[in-house]
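Report on the structure given below.
Laboratory data are not the source of any read-out in this text; all were calculated from the coordinates shown. No experiment lies behind these values; they were computed from the predicted model shown. Ideal geometry is used to build each Cβ from the backbone, glycine not excepted, and the neighbour counts take in all protein chains shown.
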Amino acid sequence: MLKPLILTAFALFTVSANAQTTATPPAKADTVCPVPKVVKSPRLKAEGNIGTVKISIDYSSPSVRGRTIWGGLVSYGTVWVTGGHNATAVQFGKDVSIGGKTLKAGKYALFTIPDKNEWTVILNKNFDQHLADDYDEKLDVVRVKVTPKPLDTHQESLQYNIQATSNNEGTISVRWEKLALSLPVKVM
């Protein structure tokens, strides 16, 4: 009888002590609460599988926000990070084939060179860089030409997607504003 009474008293003391240590003191009248900073190009991750290959894409997602994107914010004929801020990083869990070229498992930067009718998609060894500031064409491992497709609806924020189309093939796509781009990927 005494043992349950002691355990109950100890439990009440513990709860009371925890409540005292986690309580928040009242705010002072002159305390200013910081306003959370709105990130204009949040860092996002797209992940998926094509066959047995796990693919992940780490990218910044800028928004249109009323701006002219193609031929404006994103220049034609210039290497673009295909996102915002740091280079878009694509990681392949196993070897794949892109544009008929074997790409070893690992992490790469994804760049593009946009143009009105045809884009060049680039996978580069230097995945850890800001924008295209340190871009070096000598580090390219794959360059593939693709044709952009118009979207029926407006895509406000840049978005990547990984989609399997069969057991050993699929696409990495990027959509933004009124354009979509697909990079074919084949499992080795």
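List of remarks:
- A simple spin-label model places pseudo-atoms 7 Å from Cα toward Cβ; at ASP134 and HIS85 they are separated by 1.7 nm.
- Distance in nm between pseudo-label sites at LEU151 and ARG43 (7 Å out along the Cβ direction from Cα): 2.4 nm
- In range of the label at THR102: residues from the stretch 113-132 whose backbone nitrogen is under 20 Å from the point 7 Å along Cα→Cβ: 123-125
- Net charge dipole, the stretch 43-187: roughly 240 debye, given to the nearest 20, about the Cα centre with Cβ charges of +1 for Lys and Arg and -1 for Asp and Glu.
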